[in-house]
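Novice: Quick one: structure below, then a few questions.
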Amino acid sequence: MSSAATQIIELPIAGMTCAACSSRLEKNLNRLESVSARVNLATETAHIEFDPSLIQPAAIHEQIRKTGFSVPEQTLDLSISGMTCAACSTRLEQVLNRLPGVEARVNLAAETARLRYTPGLANPDAALAAVAKAGFAATPITEASRAETKARKAAEYRSELRIFLISALFTLPLLAQMIPMLAGAHEVVWMPNWLQWLLATPVQFWAGRRFYTGAWNSLRGGGANMDVLVVLGTSAAYFFSVAVVLFALGNHVYFEASAAVVTLVRLGKLLETRAKSHTSAAIEQLIGLQPRSAWIERNGEAGKIEAVEIETARLRVGDIVRIRAGERLPVDGLVIDGASTLDESLLTGESLPVGKQTGDRVHAGSQNLDGTLRVRATSVGAQTQLMEIVRLTEAAQGSKAPIQKLADRISGIFVPAVIGIAALTFLGWWLATANFTLSLIPAIAVLVIACPCALGLATPAAVMVGLGRGAQLGILVRSAEALERAEKLSLLALDKTGTLTEGRMTLAALEPSPGIAENELLRLSAALEQGSTHPLAVAMLETAHARNITLPNVTAFETIGGHGVTGVVEGRALRLGTPEWLQGDATSTSGAHTAATWVVLADAVATLGRLAFTDRLRPTSKQAIARLQALGIECIMLSGDHPDAARAIAEQAGIQDWRARIKPQDKAAAVSALKTGGRVVGMAGDGINDAPALASADVSFGMASGSDIALEAADITLMRSDLDGIADAVELSRAVMRKIRQNLFLAFFYNILALPLAAAGLLNPVIAGAAMALSSVSVVGNALLLKRWRP
């Protein structure tokens, strides 16, 4: 293969587990025509050289798939500049989605694009080139680039403000002469036409340069945006007035209209930019929780340990970090010394300080209120839970709610339609009056007053502010689609253990069979369960440890799903599990432990005894269930427990409908069975063993617990292990969707009302320009009201 014809791609490979995998893949790839491949198991990549005239990348991907592996998708976040309205974002999204192997979402409010692409079929350079060809500029977003992007936008805002102020100085004298005209003195003109021309020209071509540039880029890319409307409208007024001056066609010029529209639209964009900057305030606040420096322990002179201050970016996993009172934690980690209380409110939404001591897990961004802690770092920098929350929320903010599809479709044809309406307006007035001037002004007003920006900002602005506010309160939503589904929630299935209850089982009673001592029953049961992390196993092991019982080893250990465990202890084959499995009956649970969970221990000959475990209802569960029911949501409890224990917890929580003896593997089917009559069904669980049931629900709620915060397990993750968070999430979803509908109404109503008024000649172009400038600002301002939302 000649070097001139060779193309090289580096592909990530998923699914390789051993050297045999990498060898098999390399062998199969090298069978393809013109392909030379090297597969690296350690880095899980494939270096491939091939001749694109003989084989396409898609065939290479297919060969990888047939071999039993896959090329995982990659994500690229871009900061986009140059978008001025919904037509821009819609066109750019279409351009990017035309690239092979690319799925793109463009967010006008955030001025960002998120691309999911398949390496080999697409690459970041091609995406950046496509953005540039469409007339925009793109910069990859990285952790390091956030500050640069913020500084760039601040500098752009200052430049915009300066241009607007100078433009306003030139425009105000032109508008001043309109005051007598508004009073009815149409013949009073105190400024000569040549002076009006002189004042309007820098406004039209200097302050208005961005509109001409944007219009040219849009048309060159095969579309039309708001800039095209502004350029057509203002240019028509300006050049008609120039013709009047040069060829003495009369006294009526419209320099004030062209200059005022340019100035007012720039003012509107200035206000819109300022308002949009506040939509991401919640994310910036979360990022700001990460301190810039940290005190870590280092070996000093003569082996003495010293505290050294370093930049947070230089922290490494395993570092011992000292956090003094009043400081924020720079890392996720484990407390190895000290005791204090932490304010985690901006991470979890929990307003009360949380006590921490040796052995407890702590997270970056929390504030140490008193005392000094020594923490061993387990996650640093971009790997902390704080930054994971930021990434998850930013991804959700860039997603699209189904309700936005109508606005997107309209935005795609909006500008051509408005140009058509303007042309028809001019023609209609010409036929009615045979007067060019009287026909031109309504047509200009139509072009200027139409506002696709409001349509494009209606949904993403509300989504950005709402999800950012949710993140501040410990409600993490994975997508705008999940938010829309949560608003329609009509039935919620709840796991019992760890969701309704605290999930911390305690051994309440031991009932050994005749001839078996209590401690012997506990010793054998705990020995069988040692090494297990099941809540019942943990409770047994804690009790055995408290009683100083020495546990023998277990061999041939096996878990029987939904039933229990088996193993060999001291040569005896033991089984520990549900009464139905071992005894074939429901085992009476009457007496003091009606709400207990019972398990039975048996050997090959007889039952050795039984153990009762209890789990307390969370203090907030009953109140949360009442809130959900008040929101019109029916609650059903799903439990793998004994019916008596399940009934007792359901009654305490105020739940009328409950199902017991449902095995973990059957919960998904149970959730699916609830989807009757068009009901929107939610599922709340711990996000770990409830994963199949969470996936089968229309909208899933994951309860964060300790170190197992399953951010990716559910549609909505609650940073507090508190059912009140589900009610908060539903209320938040309803508030955001209500705001979206208000915004869409404002945007549609504005355009539906404004266009006929302009076409009828009832609106001066200056008034039309002011209305257009304020329409998008009103939509973003309405969305910003969500920042005040509280559950």
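Novice: To the nearest 20 debye, what is the magnitude of the charge dipole of the chain about its Cα centre, counting +1 on the Cβ of each Lys and Arg and -1 on the Cβ of each Asp and Glu? Write down the numbers at each step before the final one.
Specialist: On the way: 71 positive and 71 negative charges, 396 e Å.
My answer is approximately 1900 debye.
Novice: Lysines within cross-link reach of K622: Cα-Cα under 21 Å, excluding same-chain residues under 8 positions apart?
Specialist: K496
Novice: May I pose another question? Accessible area, 1.4 Å probe, largest first: how do R376, R98, R661 sort?
Specialist: R98, R376, R661
Novice: Show that you can apply the helix-only estimate: for the chain, add -39,500 (n - 2.57) for every DSSP H stretch of four or more residues, divide by all residues, and state [θ] at 222 nm to the nearest 500.
Specialist: Calculated at 222 nm, the ellipticity per residue is -15000 deg cm²/dmol.
Novice: Considering only protein heavy atoms, with the full assembly of protein chains and a 1.4 angstrom probe, order K675, K356, K133, K622 by accessible area, largest first. Before the final figure, lay out the partial values.
Specialist: Numbers: K675 80, K356 30, K133 160, K622 120 Å².
Result of the area sort, largest leading: K133, K622, K675, K356.
Novice: Positive end of the dipole of the chain, charges at C-beta (+1 Lys, Arg; -1 Asp, Glu), about the Cα centre: which of A770, S513, P535 has its Cα farthest in that direction?
Specialist: Value computed over the given set: A770.
Novice: Please work out the average accessible area per residue across the chain, using the 1.4 Å probe convention, and give it in Å².
Specialist: 44 Å²
Novice: Can I ask one more? Percent of accessible area on segment 4-96 owned by carbon and sulfur, 1.4 Å probe?
Specialist: 49 percent
Novice: Past the 20 Å Cα-Cα mark, which pairs from K356/K787; K269/K739; K27/K66?
Specialist: K356/K787; K269/K739
Novice: Which cysteines in the chain lack any other cysteine whose Cβ sits under 4.7 Å from their own Cβ?
Specialist: Isolated Cys, the chain: C18, C21, C88, C451, C635.
Novice: Ratio of Rg to Rh for segment 242-335, alpha carbon only, Kirkwood?
Specialist: Details: Rg = 29.8 Å, Rh = 19.2 Å.
When Rh is taken as the Kirkwood radius, the ratio is 1.55.
Novice: Any chance you could look up the accessible area of H278 with a 1.4 Å probe, heavy atoms only, rounded to 10 Å²?
Specialist: Rounded to the nearest 10, the figure is 80 Å².
Novice: Taking all protein chains as present, what is the carbon and sulfur share of the accessible area of segment 601-742, in % to the nearest whole number, probe 1.4 Å?
Specialist: Whole-percent figure for carbon plus sulfur exposure: 50.
Novice: Decide, for segment 439-498, between rounded, prolate and oblate: order the square roots of the alpha carbon gyration tensor eigenvalues as a ≥ b ≥ c, take rounded if a/c falls under 1.5, and otherwise choose prolate if a/b is larger than b/c, else oblate.
Specialist: Prolate, since a/c reaches 1.5 and a/b exceeds b/c.
Novice: A further question follows. Please report the base-10 log of the normalised intensity I(q)/I(0) for the chain, using a Debye sum with one equal scatterer per alpha carbon and no solvent, at each q in 0.07, 0.08, 0.10 (1/Å).
Specialist: Taking Cα atoms of the chain as identical point scatterers yields -0.70, -0.87, -1.17.
Novice: Can you tell me how segment 358-402 classifies by the Cα gyration tensor, rounded, prolate or oblate, using a/c under 1.5 as the rounded cut?
Specialist: Judged from the Cα gyration tensor, segment 358-402 comes out prolate (a/c at least 1.5, a/b above b/c).
Novice: So, counting K/R as plus one and D/E as minus one, what does the shell of residues with Cβ under 9 Å around E487 add up to? Walk me through the numbers on the way to the answer.
Specialist: Numbers: positive: R485, K488, R734, R738; negative: E484.
Value of the local net charge: +3.
The values are calculated or read from the model by the stated rules, or taken from the named source; none is laboratory data. This one's a predicted model, so the numbers in the text were calculated from it and none came from an experiment. Heads up, the Cβs are rebuilt from the backbone with ideal geometry, glycines too, and the neighbour counts pull from every protein chain shown. Accessible surface is based on the protein model in full, side chains and every heavy atom, while ligands, DNA and RNA are left aside. Shrake-Rupley method; radii C 1.70, N 1.55, O 1.52, S 1.80 Å.
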